[in-house]
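Below: one structure, written as structure tokens.
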Amino acid sequence: MHTIEITNLTKTYRKKPTPALDHLTLAVDKGMFGLLGKNGAGKSTLMKILTTLEQPTTGNAVVCGIPLSQPQAIRDLIGYLPQNFAFYPNMTVANALAYLATLANVPVRAQRQRIAQLLADVNLTAKAHTKVRQLSGGMLQRLGIAQALINNPQVLIVDEPTAGLDPEERIRFRNLLTDFSSERTVLLSTHIVSDVEATTNQIGVLDHGQLLFTGTTNALITAATGHVFQALVPREAAVQFKQTHQISEQVTQADQSHFRFIAASSSQTPVTPTLEEAYLYLQTQHEGAGV
Amino acid sequence: MRLFWLESKRLLLSGAFLIYSVLVCGFIVLNVNPLVNRSLATLPTANHYDAIYASDFRTLKNGVMSQLTTEYKANTYTTYPLGFAKTTALKSHERASMRTQIKALKQTKNRHALNLVIKRVNQLLGGHSSYTAANIATLARRQMTPKEARQDYQLIVTRDKISGAFARVFADIAGLIVGILPTVIIIAFCDADRRSRALATIQSKFASSGKRLATQYCASLIVLLLPVLVAGGYFTLRVNGLYPHQVIDRFAFMKAAVIWILPTLMISSAMGFMTYQLFSNFVGFAFQIGWWLVTTMIGARRVDGYYGWLLMPRHNSLHNVAYFYTHLNELLINRVSYAMFALIMVGVALLVAQLRKGGLHIAFSSQH
């Protein structure tokens, strides 16, 4: 049995012509799973449905064998780090965790030890008595992950966790997530391909509420193989080249520009696609199909 | 219990509570202090008796007659729709009817006959006038007789045990501010979830919205009553110090806080929770201002003793004690009713909270 099983899930909003989720079917197993998609693809809607914050219009999802119709039982099993996590600014870090631990039904006697352990895990022990408003963006996200783990969840759902973090914090945060994924299911939603590339090889790609791809990163790259090329173009011809090709990378040196681009076919030299290029190729194909 | 403590702490440590405490304590102390300085230990001397609203037929009839004749001659009558004064003039045929009623008034021999006449007068004026069985007492204000003054003094010393008389004024004053401020404090408290972007995190936890809201409501009652209790404690000490040789009811202010003021607090707090669940903004404060204004205006007509169905029952007098004990049941029914109504409002808030998060959320939100 899969940890998360999503079947034919659809979510429509009034006043919006297209569904936020369109007959989505997906299975997620233990470990880290990356859900890639651009802004507005439906990732956050899916996260909110899985965390029982929103109701699907049709379809169903089961988390650890529990259907969405039992929201409290699901909330007991999951941890959630929402997009743009923040908390009461005047509360201290330790008090915020104590408050959320109480809401998460963590026994009072276990709270002190649990909070101390989590603060150590996310390297915030020294900030236990610091007010939330005084935390940096990275620290706030680490507090976010600590609160999501407060009930020792079987499933951790994180929505765009690295947005706004500097490179150092981003790497630290990704490592943290990878550590936690060894013992549980982590569903990582992001539009940043490098976050997924650095943490997992199991991914799904969402666009316009539809699942374009699910499988390994290698499979996605294989699908794009033969559709990514490189070309060396004189500087004066670069502008016109860019107008006629879908560029994935451009490096200009002296009087020449080195391009990598995506195309169905080309007379230029084919190269091994990166994950980002494979993702772009998939999006291009989807849009080219008229969706 | 843990959640109750954490919610209480969160409210206690908020800036809004600090401002609330200063305003409540300041308002009560500034308004009650001058009255506490008055001595109740001795019987007032002649010509220094307090005024009361009389209830005897003769005084009532004379009061109504005097007022109605004056208004009839000027053809200007004052009515009080929703407590706000409004002047009315009668047309010639209505004046003739009023003249007939004045003649009938002169002939009345008892309270029943008086009530029948004033009922017709009130109808002629379109309602909301002073000429109702409940309101004519406002037209019968006079100085206490020596006998009434002695009885008043005896009640203050024996039943009120001095502090009870001060506690009534304390409750009257505290009710005015507790009837309005908690609403905005509670709305700000609820809105903190949205302002601090904590809502999604909180809602993803095990505890239901209903449990959290009910806990927050209980915490708000205890925390927002604290400044009132502190002020009550201060006045208990003051009265004790002023009357060292008298028997004092040391719990009078606490009893007033719990029995008289708490139901008002329950309503103003419940209004905050309910309207925030319904509208997710500060519009509930406008509702409460309206309710408070109407109650204040209606109560203003008899500030030294008027309970009825007022959200903030009035008794802004150290005297009029007989009225208090005569109408004590009315006051208690008022307080219990408001407490129950507050619980109904919280019930509505709980229902809305569950609907927003649960199944029928779909019907109420912009999503389908």
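The values are calculated or read from the model by the stated rules, or taken from the named source; none is laboratory data. Keep in mind that this is a model prediction, so the values were computed, not measured. Note: ideal-geometry Cβ built from the backbone for every residue, glycine included; neighbour counts use all protein chains shown.
Which ones in the range B:187-204 are within 14 Å of another protein chain (Cβ to nearest Cβ), assigned to a helix (DSSP H, G or I) and either free of Cβ contacts under 8 Å to residues at least 24 places away in the same chain or surrounded by 23 or more Cβ atoms within 10 Å (Cβ to Cβ) (or both)?
Result: B:189, B:193, B:195, B:199, B:200, B:201, B:202, B:203.
Just for the range A:91-118: of the residues that are surrounded by fewer than 16 Cβ atoms within 10 Å (Cβ to Cβ) and more than 7 Å from chain B (Cβ to nearest Cβ), which one is farthest from the chain's Cα centre (by Cα)?
Per the criteria, the residue is A:109.
For the range B:175-198, give me each residue that is under 16 Å from residue B:338 (Cα atoms) and aliphatic (A, V, I, L, M).
B:176, B:178, B:180
Could you grab me the full set of residues in the range B:53-103 that are touching a strand residue (DSSP E or B) at 6+ places or on another chain (Cβ under 7 Å) and not in a loop (DSSP other than H, G, I, E, B)?
If the condition is that a residue be touching a strand residue (DSSP E or B) at 6+ places or on another chain (Cβ under 7 Å) and not in a loop (DSSP other than H, G, I, E, B), then B:53, B:59, B:71, B:77, B:78, B:79, B:86, B:87, B:88 are the ones that fit.
Please go through the range B:293-342 and give me each residue that is out of contact with any Phe, Trp or Tyr (no Cβ under 7 Å at 6 or more places or on another chain) and assigned to a strand (DSSP E or B), ordered by number.
If the condition is that a residue be out of contact with any Phe, Trp or Tyr (no Cβ under 7 Å at 6 or more places or on another chain) and assigned to a strand (DSSP E or B), then B:306 is the only one that fits.
Residues are listed down the side, and each one gets a yes or a no for (1) within 14 Å of chain B (Cβ to nearest Cβ); (2) surrounded by fewer than 24 Cβ atoms within 10 Å (Cβ to Cβ):
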position	(1), (2)
A:4	no, yes
A:27	no, yes
A:30	no, yes
A:35	no, no
A:42	yes, no
A:48	yes, yes
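Okay, residues lined up against (1) within 30 Å of residue A:142 (Cβ to Cβ); (2) modelled with pLDDT of 95 or more; (3) assigned to a loop (DSSP other than H, G, I, E, B); (4) outside the structural domain of residue B:8 (by TED's automatic domain parsing):
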site: B:185; (1), (2), (3), (4): no, yes, no, no
site: B:206; (1), (2), (3), (4): yes, no, yes, no
site: B:246; (1), (2), (3), (4): no, no, yes, no
site: B:254; (1), (2), (3), (4): no, yes, no, no
site: B:261; (1), (2), (3), (4): no, yes, no, no
site: B:271; (1), (2), (3), (4): no, yes, no, no
site: B:274; (1), (2), (3), (4): no, yes, no, no
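Could you look through the range B:168-183, keep only residues that are among the aliphatic types (A, V, I, L, M) and assigned to a helix (DSSP H, G or I), and pick out the one that is nearest to the other protein chains (Cβ to nearest Cβ)?
For the range B:168-183, the residue satisfying everything is B:181.
Considering only the range B:124-159, state which residues are among the aliphatic types (A, V, I, L, M), free of Cβ contacts under 8 Å to residues at least 60 places away in the same chain and outside any helix (DSSP H, G or I).
The answer is B:125, B:133.
Looking at the range B:126-143 only, could you name the residues that are crowded, with 21+ Cβ neighbours inside 10 Å and hydrophobic (A, V, I, L, M, F, W, C)?
Correct list: B:136, B:137, B:139, B:140.
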